[in-house]
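Participant: Got a structure for you, questions after.
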């Protein structure tokens, strides 16, 4: 947040005296440095804290960010938005190869999708992530240590990781929303964030409006497809999907499926033949109205604009037209 300020979750420093926290940069790397800090702001209500580095910054070292970020808010619409976050969760605990008695947590670059309309009562962002593998300690969350990580959408800071609700499963995290700070913080607390962390003074500034889409550019909807389409009808769409890097990568595909619906997430890749998995996923989506559109939209968000996505959309249009033609002829 600048040369001397650090933003994190309040529960990370809960119970600490003003001079207690120590911050680390470039942890466990050659350029690591650490310094004492004081808690300038800690709001349990908003779960956000602002720390001021009190020690001199070592010569040649500098914080990762020297300018305040751009802040933003997720639009309150039916959308799934890509995000990234970096933290040090418990499941990344490693044994040092050079010293078997030494353990460390490596970094986790979490990449996933935000379900904009989830967690509305709690007022948090739901982050769909690739779940960690089997956990040998079921009494502890594998995501311990991820709290306070900044959540980014296209270079904009939209929240901080705050919790892992175990009932949501290992593939979901919750994050406090930047736009909620204006409701939950006092005017003095907002002023601190404005002066030292660059938070806009009013909530109108950080809003990220939903981008309008011309009708001609809007992806075709497939909600009216019958649930008993023969496999030959799905051939073109399955071929286009199989050619996409996201679908060919089992981890990336599992992440996309987790962002759609639990019944679709259950179809996570099982076979060594990607095409068989894709056909099974498509048949499942047809049985649950709306999930096929959600699947294709999630893939668009992850893949971005590409020749492969354009082909996928072309096959979706062909499929929709064939179905409409069949209905009209009845």
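Rule-based calculations on the coordinates, nothing more; no lab input. Since the model is a prediction, treat every value here as computed from it, not as a measurement. We place every Cβ from the backbone using ideal geometry, glycine too, and count neighbours over all the protein chains shown.
Participant: Counting other C-beta atoms within 10 Å, which of 83, 88 has the fewest, and how do the rest follow?
Facilitator: Ascending Cβ contact count within 10 Å gives the list 88, 83.
Participant: Can you quote the Å³ per residue value for the convex hull of the Cα atoms in segment 70-184, rounded to an integer?
Facilitator: Residue-normalised Cα hull volume stands at 122 Å³.
Participant: Just want the ordering: 20, 188, from fewest to most Cβ atoms lying within 10 Å of their own Cβ.
Facilitator: So the ranking, lowest neighbour count to highest, is 188, 20.
Participant: Sticking with this structure for a sec: From the helices alone, meaning DSSP H stretches of at least four residues, give me the mean residue ellipticity at 222 nm for the chain, per-run term -39500 (n - 2.57), in deg cm²/dmol to the nearest 500.
Facilitator: -8000 deg cm²/dmol
Participant: Rank these for me by crowding, 277, 28, 227, going from fewest to most other beta carbons within 10 Å.
Facilitator: Starting with the residue having the fewest Cβ neighbours, the order is 227, 28, 277.
Participant: Enter the angle in degrees (range 0 to 90, nearest 10) between the Cα long axis of helix 307-328 and the first principal axis of the Cα atoms of the chain, meaning the one along which they spread out most.
Facilitator: Approximately 40 degrees, to the nearest ten.
Participant: Then there is this: P(r) of the chain in 10 Å steps, Cα pairs, percent per bin?
Facilitator: 5, 23, 28, 22, 14, 6, 1, 0
Participant: Could you state the angle between the C-alpha long axis of helix 291-303 and the longest principal axis of the C-alpha atoms of the chain, as a value from 0 to 90 degrees rounded to the nearest 10?
Facilitator: On a 0 to 90 degree scale, this one is about 50.
Participant: Between 273, 254, 80, where does the largest GNM mean-square fluctuation fall for the chain, given springs only between Cα atoms within less than 10 Å?
Facilitator: Result for the chain, Cα springs under 10 Å: 273 fluctuates most.
Participant: Shifting gears a bit: To the nearest 0.05, how large is the calculated FRET efficiency for residue 183 and residue 118 if R₀ is 30 Å and r is the Cβ-Cβ distance?
Facilitator: Working: r = 19 Å, r/R0 = 0.62.
Efficiency for this residue pair is about 0.95.
Participant: Does anyone have the angle between helix 187-197 and the longest principal axis of the chain? Alpha-carbon axes, 0 to 90°, nearest 10?
Facilitator: Relative to the chain, helix 187-197 is tipped by roughly 90 degrees.
Participant: For the chain, with a Gaussian network of springs between Cα atoms less than 10 Å apart, report the residue from 77, 102, 242 with the top mean-square fluctuation.
Facilitator: 102
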